[in-house]
Every structure is written in structure tokens, then in C-alpha cells.
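Contents: one structure, followed by commentary.
The values are calculated or read from the model by the stated rules, or taken from the named source; none is laboratory data. What you see is a predicted model, and the numbers here were worked out from it, not measured in a lab. A quick note on method: Cβ atoms are made from the backbone with ideal geometry, for glycine too, and the neighbour counts reach across all protein chains shown.
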Amino acid sequence: MQPFFFLLLILPSLLAVPLQPIVTVAADAANAARCTTAASLRTYEKCIALPTQGASLAWTYHPGNATLDVAFSGSFISPSGWVAWGINPDSPSMTGTRALAALSDPSSGSLLLLPFVLDPSVKLQSAPLVSRPLDTHLLLSSSAAAAPDGVRDGAGVQIFATVKLSPNRTRVHHVWNRGLYVQGYSPTIHPTAASDLASRATIDVVSTATEVPPAASATLRAAHAVLNSLSWGLLLPAGVAVARYLRQCSSVGPTWFYAHAAVQASAYLLGAAGFAIGVVMGRASPGVTYSLHRGLGVAAVVAGGLQSAALLFRPKTTHRFRKYWKSYHHFVGYGCAVVGVVNVFQGMEVMGLGGTYWKLAYCLALASLVGSCVALEVNAWVVFCRREGGGGEGDNEGAVKRRLSF
């Protein structure tokens, strides 16, 4: 448990870092050095280096007819991957974006550019992303040009488009990203690192001023991960184990109850703090939503709150409703522990920690807890069987009642 105490010691410093406001920047000498107005098809008036993935954007705005000629430059991260750029008419977020994705044609191997509309179902990943025509009033023309050596890891790609804007509207929400795989003609989910989640910006096509929505700070992400892993992922199941196995020891008396209550209360307070940090992170990242992770987190917090409230209405041991209260308490408690552990793994996937030492450390700690519970469970059944085989009928009946009372 020493690593967890170390994590608790560093939490105050993690939580002391404030969120940053929306950053507004303009194209400067550094940005100009990273972008070029000369593309493979034509030369544009302005360009800007986008804040993530080494991408850049060049454009020419025609105020007379409110059209925008755009050249997006990105790079592949896999020979079987994809690169996409799009415009969101409403907000700087993925949902609602009209995107153009460059990918390798599975049948011919040549570069292919397909249009996609990213509706809310994309986040749920309930079905493959299917190409469909974009709004005719928005996209007037599009094409793509890849590096001469074809699609490969690190190969550059340019996406060209002519977009119709609303009159007198010069601020445009740009969204871009890239992924590792394409299934058929359907791009799969992109990586979820901080840079991938921040691939969006609002650019004024006249002044080149850029508004970049803030990403949650690394310290807040670390605090959120540590608090929730420790509370929902370890302490809460440990509190369940304390109640289940210490209660069978008649020598400890009511100590098991106070230990159980103390561990669960600590787990819930730390978990509530981690949940609050998650809410703050969500508000700091508009347009980025993890529905499953958020839903499981809300379910865990609600179940934990119900467990805490249940203590205020606990009937006496002789009350006729006591057995119903116990059934409710056990069912909600076990459910909360399971949901908490599942959501810890879901959160690791969201944060891109699926193959890191953080996940390995948590798995080892959880495996140790599960192994201890298995050993205690076996020991409890051995003791129960011995009592059943060696005691009288009255002793057997009492043992059965004690065993089933939990």
C-alpha cells in the first residue's frame, strides 16, 4: 500500500493547478515558419500552423461570394490509417462536423477522399462510420493529394476544398484528426491522447486569429485517475471484503462494522473528489464527451450516495424489515464495487493508458486484493464445513444462519 500513500501525499500539489482559459493567438513568425501558402495545386493568401499533430492550414477567402478555398496538410500515422479535416458549422467539436477523410482504397491501394457527417452516434461507436454526401450548400468541391511514395507512416497528405460560408461570417470551426486503421471504407476511432482530443480550433479567415479550446491540464488528469483508481477501484472493494470476512470472526466484535464504515466512507469521499475533478475537466473540454465513462461514473456516485443514505434508515436487528434492508444494502454495495472497477478500466482506455505501467500497477494491486478475497472465501467455507460436520444439529443450524446472514 506504500505507493498509494505516496500518491495521496502528492495530490494537494496536483489539485492546486488552475484551469487555463480559452487561448486566443494570431499567426506569428513561428507559425509562419511551420506553414506555407504554396500547395501542390495552387498558392493561397494565408496560412497557419495548427496547434496539434504537426498539421497546417492554408486558405484564400473571397468576400464577394463568401467562399473559402482551403488546403489542409496532415500526415498519416499508419499505412492503413486515415487523415481527416472538416468544418463544424455550430461549435468547435467533433459532433456535427462535416469531414473529408483521406484513406487508402482497400481494393486498389490508391488514395481516396470520402465525405462523412459526424453525428452523435459516432461517439457511441454503435455502428461503423458510413460515408455520405455533405450539405450541398456547404461543400462546393474537394480533392486530395498524397506524397509521391504513397500512403505510409509519416507520409504527408493534402486535402483541398472549397467551402461556402454564411455572409459576413469569417470565424470558422475547424476539426481535424488521424487514425491507425480503416475497416473497409470506414475510419476507426482515433487515438485518445491529449493532442488528439485537442485537434480543433476556431480561426478567423480574415485576421487569422485563432481560438483554441483549453485541454484539461495533465495534473488534473493525473489527480482524476489516481483518486478514482484508489477509491472506486481498490478501497471500495476492500471495504466490501472487510465486511464479508471480518464479520465471521466473533473475536473482533463490532470492530468489523466500524472498519467497514471507515473504509467505505474514505472511498466515497475520495471518489466524489475524483468525480468532481472529472466534471471540471468535462466543462473545460466542450465537445469532448465519453458517454460510457461518464455514465458509469454517475452510476457509481449515485449508488455510493444511496449506500451512505441507507445507514440513516437502517432498521434494528429485530425489525421485520431488517432482512429487506440487508438485501438492498448487499445488492447495491456489490453493484457499486463492480461498476467502480469497470469504470477504472474504461477511464484508462479513455486516457490512453491501456498499455502502460499505470494499468499494470493497478492490475497487480487489484489481483492481490482478489487473491486475498479468494483465499479468505476458501478459508471461510472450510471453517463452515468443519463446523457443519463436527457440531450438533443446533450448531449446524446456527452455522448455516451465520453463513447465510451476510
Segment 78-95 - residue that is surrounded by fewer than 18 Cβ atoms within 10 Å (Cβ to Cβ) and touching a strand residue (DSSP E or B) at 6+ places or on another chain (Cβ under 7 Å) and, of those, farthest from Ile203 (Cα to Cα): Ser80
Residue within segment 143-165 that is at pLDDT below 75, in a strand (DSSP E or B) and in the same structural domain as Arg42 (by TED's automatic domain parsing) present: yes
Pairs where the first residue, in segment 23-50, is modelled with pLDDT of 50 or more and the second is surrounded by 13 or more Cβ atoms within 10 Å (Cβ to Cβ) and assigned to a helix (DSSP H, G or I), C-beta under 6 Å, 6+ apart: Ile48/Asn31; Ala49/Asn31; Ala49/Arg34
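Could you please let me know if Arg98 is surrounded by 16 or more Cβ atoms within 10 Å (Cβ to Cβ), more than 18 Å from Thr192 (Cα to Cα) and of a type outside the set (A, V, I, L, M, F, W, C)?
Taking the combined requirement at face value, the residue satisfies it.
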So Gly297, is it surrounded by fewer than 18 Cβ atoms within 10 Å (Cβ to Cβ) and under 30 Å from Asp119 (Cβ atoms): no
Candidate set from segment 51-68 (those that are not in a loop (DSSP other than H, G, I, E, B) and not hydrophobic (A, V, I, L, M, F, W, C)); member that is nearest to Leu138 (Cα to Cα): Thr67
Options Ser107, Ser56, Ser93: the member that is modelled with pLDDT under 85, among the small types (Gly, Ala, Ser), more than 23 Å from the chain's Cα centre (by Cα) and closer than 30 Å to Tyr185 by Cα: Ser107
Among the candidates Leu296, Leu353, Leu292, residue that is assigned to a loop (DSSP other than H, G, I, E, B), closer than 22 Å to Arg221 by Cα and either under 29 Å from the mean Cα position of the chain (by Cα) or among the β-branched types (Val, Ile, Thr) (or both): Leu353
Selected residue [part of a helix (DSSP H, G or I) and either touching a Leu at 6+ places or on another chain (Cβ under 8 Å) or modelled with pLDDT of 85 or more (or both)] from Ala399, Ala375, Ala380: Ala375
